[in-house]
Amino acid sequence: MTTYFYDQKSGHPVCYSSNAKDYYTMNGVAYAYVKNGYWYSYKDNSWIGWQKDNWLYDSNGNPLYFTEKR
């Protein structure tokens, strides 16, 4: 099953994953990987944030993206 994450402000799809570990932009570019519940950028391995209750929170604790299962 493919999971999509949407921008919390615009509601537009931002990224997707078919394995809940590797996320890709809507254009198919590798975006992030998940390790122990934390998201990291494929671009530079920087910490993006963490996922809880179908929300992705940024490194400051602000809601960033949500799944369709919110």
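Summing Lys and Arg as +1 and Asp and Glu as -1 over all other residues whose Cβ lies under 11 Å from the Cβ of residue 31 gives a net charge of 0. Across the accessible surface of the chain, with the other protein chains kept in place and a 1.4 Å probe, carbon and sulfur atoms take up 46 percent. Here's the list of aspartates and glutamates a cross-link from residue 43 could span, going by alpha-carbon distance under 18 Å and ignoring same-chain residues fewer than 8 apart: 22, 58.
Between segment 43-70 and segment 1-38, the C-alpha centres lie 10 angstrom from each other. In this Cβ point-charge picture (+1 for Lys and Arg, -1 for Asp and Glu), the chain has a dipole of about 100 debye about its Cα centre. Given their separation in residues at 0.36 nm each and the Cα-Cα distance between them, residue 38 and residue 1 gain 11.3 nm when the chain is fully extended. Shape class for the chain: rounded, because the ratio a/c of the largest to smallest gyration tensor axis (alpha-carbon atoms, square roots of eigenvalues) is under 1.5. Over the chain, accessible surface divided per residue gives 66 Å², non-protein components excluded, 1.4 Å probe.
The values are calculated or read from the model by the stated rules, or taken from the named source; none is laboratory data. Here the structure is a predicted model, which is why all the values come from computation and not from measurement. Don't worry about glycine lacking a Cβ; one is built from the backbone with ideal geometry, like all the others, and counts go over all protein chains shown. Protein only, heavy atoms only, side chains kept; ligands, DNA and RNA dropped before computing areas. Shrake-Rupley method; radii C 1.70, N 1.55, O 1.52, S 1.80 Å.
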